[in-house]
1. Return the only residue of 138, 76, 117 being in a strand (DSSP E or B) and at pLDDT below 95.
2. What number of residues within the stretch 90-111 are part of a loop (DSSP other than H, G, I, E, B) and either within 17 Å of residue 169 (Cα to Cα) or under 9 Å from the mean Cα position of the chain (by Cα) (or both)?
3. Among the numbered criteria (1) buried (at least 18 other Cβ atoms within 10 Å of the Cβ); (2) part of a strand (DSSP E or B); (3) at pLDDT 95 or above, which one does residue 143 miss?
4. Among the residues of the stretch 1-27, count how many are closer than 21 Å to residue 136 by Cα and either assigned to a strand (DSSP E or B) or modelled with pLDDT under 95 (or both).
5. I'm trying to understand the selection: among the residues of the stretch 133-159, which are in contact with a helix residue (DSSP H, G or I) (Cβ under 7 Å, 6 or more places away or on another chain) and more than 28 Å from residue 98 (Cβ to Cβ)?
6. Give me a count of the residues in the stretch 50-62 that are in a loop (DSSP other than H, G, I, E, B) and in contact (Cβ under 8 Å) with a residue 12 or more places away in the chain.
7. Any residue in the stretch 1-27 that is closer than 18 Å to residue 117 by Cα sitting within a Cβ distance under 6 Å of a residue that is part of a helix (DSSP H, G or I) and modelled with pLDDT of 95 or more? List the pairs, counting only those 6 or more apart or interchain.
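The values are calculated or read from the model by the stated rules, or taken from the named source; none is laboratory data. Computed from a predicted structure; not experimentally measured. All Cβ positions, glycine included, derive from the backbone under ideal geometry; neighbour counts span all protein chains shown.
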């Protein structure tokens, strides 16, 4: 079951869902549109290692936009800061984004109850495409949770992505023990 627009507004009123900035026009019948933030990043090294801390270089999207290229991997960020305290948030691309050949996440479309922060986007494109800061990039949908949550994500000692800032965050796989 997905929350409707009225239920999203009710949950925002209760404080279990937070979206900042919130624009009423971005609320769909069962989703909330999120926008591409001003900062993108790319990994510094061409070859990545899952056991090491791979660094990224941040850069700003200029006013005239920036052309993303195929076969390159970009990290982006939502302009919106979100908190979800009683629901499972899912981030999906908008159909208009997909029709431009833009994928906004490689695998991480689901958030956890208790996630607080801006969403890092895992962006790849099928052909060169110019993108702009502030453009609609995806939509959040919310699912109710069946059962009581023992520990919310933002309360876990090992939550690697809690409190994400308004700039892309690199993979923290290296913090896992394997």
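1. 117
2. Qualifying residue count for the region: 7.
3. So the condition that residue 143 fails would be (1).
4. Qualifying residue count, the stretch 1-27: 5.
5. 159
6. Selection size over the stretch 50-62: 7.
7. Short answer, once both residue conditions are applied: 17/11.
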